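Here, each number is a calculation from the coordinates, and none is a lab measurement. Not measured: the values here are computed from a predicted model. Here the Cβ positions follow ideal geometry from the backbone for every residue, glycine too, while neighbour counts run over all protein chains shown.
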Amino acid sequence: MLSTYSLFNMKFVFIAFTVFFLTLNVNAQFSENFLFKSESYSFPYNLKKADVKYNLSGRLTEVSGLSFYKENLLTLVQDEKGNVYFFDTEKEKITDKIDFANDGDYEGVEVVGDEIWVLKSNGILFRIKNPEKEKSLDVKDYDTDLNKRNDTEGLAFDRKNNRLLVACKGFPFINSEKGEGIRAVYSFDLDKKKLSDKPVIEIDIEKIKELRKLNVAAKLGIKLLKLFNPSKGDITFQPSGIAIHPETGNIYILASTGNLLLVCDEKGNFLAVVKLNSGLFNQPEGICFDPDGNLYISNEGEEFAATLLKFKPKNKTR
């Protein structure tokens, strides 16, 4: 019988093997950015080259989420510390931080008015009031019914409906044993402080798989990984970040595994599926917009440097 250590090594090899072939397969078959684009939709960014690139290090090496705070300031979290960091895009450095909880796996951050919300991978949400007043800092956590099995990684503020959107990287449902071929996005009502019973968006993994035109090696790796970690299932598309465009309301869902960006409307209808070049996006984890429609994507750093990339809209039609 294989030891736990051997199984861990085999799992790691299969993950590396599959991610490599997913990225290789996408980059090899498509000369343009799009795996899919609706004829009626105009994608507003050139993701082949960032307009501004910020190098992150130290406390932000494992950046996992970001949000616009106010002029020249973004809030960021990294996935091991219960801290919110304020990054000044003019000074290109951290200018302040908030200690809001113990160490843990924090994956998303979102600014809502004068509050900051942080998402943990086990589905718990933290609300931070008075973020600029250390002595009167008010932190409260909310159990959403989602858990570690769902592996919650993306958080966005839906201003139109006064709710947060929570994207699940793992299992899509709360009270079900069946969730094959789906990725889910739930809503958290900010008035009632309650999670929706069902996903507000369901993403069809098979549709993305068809668009990717996966080769034999990638398909084999996906099947093997499902045996090692059935709760996460198919790794073809696993959300790592989510954001809502401030003008159109279109939803941008980032997937670190395989480097994809899905753009959909509020009902989940696909508008575009964009491949991200692995040379620029080595591990995309966080995504947000500023009020002017500038797009920010952060890359977690391991063997590569952590970066924050800014993309300006090509025109005013978004």
Which of the aspartates and glutamates could be linked to K160 by a straight reach, that is with a Cα gap under 14 Å, when you skip same-chain ones fewer than 8 residues away?
D189, D191, E247, D265, E266
Can you list residues from other chains, or at least 5 along the same chain, whose modelled amide H is less than 5 Å from the amide H of V112?
W117
Run the simple label-point estimate for D292 and K49 please: 7 Å along Cα→C-beta, distance reported in nm.
2.0
Excluding same-chain residues fewer than 8 positions from K48, which lysines have a Cα within less than 22 Å of its Cα?
K37, K213, K275, K310, K312, K314, K316
What's the local net charge at N277, with K and R +1, D and E -1, over the other residues with C-beta under 10 Å away?
+3
Expressed in nanometres to one decimal, the distance between label points 7 Å along Cα→Cβ at D88 and L224 is 5.0
Dipole in debye (nearest 20) - the range 96-247, about Cα centre, beta carbon charges: Lys, Arg +1; Asp, Glu -1
580
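Relative to the compact-globule scaling 2.2 N^0.38 Å, provide the ratio for the alpha-carbon radius of gyration of the range 4-311. Don't jump to the answer; show the numbers that get you there.
Numbers: Rg = 18.3 Å, N = 308, 2.2 N^0.38 = 19.4 Å.
Ratio of Rg to 2.2 N^0.38 Å for the range 4-311: 0.94.
Rank these for me by crowding, T89, T75, going from fewest to most other beta carbons within 10 Å.
T89, T75
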Taking the dipole about the Cα centre of the range 133-196, with the C-beta of Lys and Arg at +1 and of Asp and Glu at -1, give me whichever of G154, S136, G181 is farthest to the positive side.
S136
Can you compute 3J(HN,Hα) from phi for each residue in the range 136-143, using the Karplus curve 6.51 cos²θ - 1.76 cosθ + 1.60 with θ = phi - 60°, rounded to whole Hz and x for Gly and Pro?
10, 4, 10, 10, 9, 10, 10, 7
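What is the Cα convex hull volume of the range 98-165 when expressed per residue in Å³? Walk me through the intermediate numbers first.
Values: hull volume 5.5 nm³, N = 68.
Dividing the Cα hull volume of the range 98-165 by its residue count gives 80 Å³.
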So how much slack lies between E80 and N161, counting 0.36 nm per residue of separation and subtracting their Cα-Cα distance, in nm?
26.1 nm
Neighbour-count ranking [beta-carbon atoms within 10 angstrom, fewest first] of I287, I297:
I287, I297
Step through the residues of the range 128-135 one at a time and calculate ³J(HN,Hα) from phi using the Karplus curve (6.51 cos²θ - 1.76 cosθ + 1.60, θ = phi - 60°), rounding each to whole Hz and writing x for Gly and Pro.
10, 9, 6, x, 9, 10, 4, 6
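As a quick test, which of the pairs K93/K129; K93/K198; K49/K193; K49/K194; K135/K169 have an alpha carbon distance above 32 angstrom in this structure? Numbers along the way, then the final one.
Working: K93/K129 24 Å; K93/K198 40 Å; K49/K193 40 Å; K49/K194 40 Å; K135/K169 36 Å.
The answer is K93/K198; K49/K193; K49/K194; K135/K169.
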Using the Karplus curve 6.51 cos²θ - 1.76 cosθ + 1.60 with θ = phi - 60°, what ³J(HN,Hα) values do you get for each residue of the range 279-287, in whole Hz, with x for Gly and Pro?
x, 9, 10, 6, 7, x, 10, x, 8
